[in-house]
Amino acid sequence: MSNFKQKIVSGMRPTGKLHLGHYLGVIENWVKLQDEYNCYFFVADWHALTTKYDKTEDLHKNVIDVVTDWLACGIDPEKSTVYVQSLIPEIAELNIYLSMVTPQNWVERDPTLKEMAKILKTKEGTNSQISYGLMGYPVLMSADIMMFNAQVVPVGIDQVAHIEITRDIARRFNNIYQADFFNEPVPKLTKTPLLCGLDGNKMGKSFNNDIRISDDEETTLKKMMRAITDASRIRKDDPGHPDQCEVAFKYWQIFADEKTLEAVKSECEKGQRGCADCKRQLGNVINEKFAPIREKRRHLEKNPQIVKEIIQSGSKKARGEAQKVLKEVRAIIKMY
Ligand code: TRP
Ligand code: SF4
């Protein structure tokens, strides 16, 4: 059966414990895709090195944390193959072959890479040079995807440029070697609205404005109280403006059912709802939604060998398939 399903490959860099933005923007979508597609989900630890090659002290722990979050959220190793990129050395060999057929200007004009380079340059410190490895970011990503000859790649909008390069590389490889071998994968965008951080900016660990999947209920409530609301409100019976409530109301729109949302809106507008109470209630709604996920996470945290075994067996399976593809690729290129 599963052989007739289309193949999906998608990955995440090991940034450590994930936040609710990751859940709504990526993981929730992955969980749904598991039934319809043959899914390969991996931790891109080589990609982490493209910018953080000198900060590897937490790398190991971060890989475990990311996979623990995935499993808690419902990524099911019975359905999907879960693995770590660097445990599949075949990807590195494919990366070499792909790098040979990729014109330099294709990577140089990649807008996402340009953006990464810009951010890196504005950060102070002597290590802000762009490495040869970072230039190869989109080629390595292509190797990730083409290693399993995936047809579909679920990603955020910022990654679409990379997938375009992957399509170009696949086409060029097929042309050069006159082999109808690699699929031209298509990006699959998530439609969920972006969850902003508690301060109204992009949610991110380094901005200290996130709620983590792994946060406990008390921490969630405490963080929630920091969320920005309608700044024009001074007393709690002042009429509020939900559309000007920068963060809290936006969260309500994502987490509440229609009826609750209507009640929040009208009570706010009539000045029947204080912001502190409103946010406490919102925190409770979020806590309720994530209760089963967090319970599962605590169980996995106490039993890290479960997570490690899933990584090992998933990587072994992925590696077996990668070896088959690589054998064919070597034959197509006419390697010794
Ligand atoms: N670059 C992706 C990100 O930062 C992670 C990634 C690496 C990836 N390889 C991939 C995503 C292959 C999809 C497919 O989010
Ligand atoms: Fe926002 Fe709620 Fe305050 Fe209204 S009552 S401004 S929705 S936090």
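Couple of notes before you dig in:
- Positions within segment 263-289 being of a type in the set (D, E, K, R) and within 9 Å of ligand 2 (Cβ to nearest atom), in sequence order: LYS265, GLU267, GLU269, ARG273, ASP277, LYS279
- Checking each residue in segment 211-262 for being of a type in the set (Phe, Trp, Tyr) and more than 12 Å from ligand 2 (Cβ to nearest atom) picks out only PHE255.
- Only listed residue being small (Gly, Ala, Ser), free of Cβ contacts under 8 Å to residues at least 40 places away in the same chain, touching a Leu at 6+ places or on another chain (Cβ under 8 Å) and farther than 19 Å from SER313 by Cβ, chosen from ALA143, ALA48: ALA48
- Members of segment 252-301 that are among the acidic types (Asp, Glu) and under 15 Å from ASP238 (Cβ atoms): GLU267, GLU269, ASP277
- Among the residues of segment 156-191, the one identified as within 11 Å of ligand 1 (Cβ to nearest atom), surrounded by 21 or more Cβ atoms within 10 Å (Cβ to Cβ) and outside any helix (DSSP H, G or I) is PRO185.
- Cβ pairs under 7 Å, 6+ apart, first in segment 97-111 and assigned by TED's automatic domain parsing to the domain that holds LEU134 and over 8 Å from ILE165 (Cβ atoms), second surrounded by 10 or more Cβ atoms within 10 Å (Cβ to Cβ) and modelled with pLDDT under 95: PRO111/ALA161
- Selection count where residues are loosely packed, with under 14 Cβ neighbours inside 10 Å and in contact (Cβ under 8 Å) with a residue 60 or more places away in the chain, scope segment 324-336: 1
- When we screen LYS250, LYS236, LYS259 for residues that are in a helix (DSSP H, G or I), farther than 30 Å from VAL325 by Cβ and in contact with a Gly (Cβ under 9 Å, 6 or more places away or on another chain), the only hit is LYS250.
- Flag if LYS279 is part of a helix (DSSP H, G or I), outside the structural domain of SER86 (by TED's automatic domain parsing) and in contact with a helix residue (DSSP H, G or I) (Cβ under 6 Å, 6 or more places away or on another chain): yes
The values are calculated or read from the model by the stated rules, or taken from the named source; none is laboratory data. From a predicted model like this one, the values you see are computed outputs, not experimental measurements. Note that each Cβ is placed from the backbone with ideal geometry, even for glycine, and that neighbours are counted across all protein chains shown.
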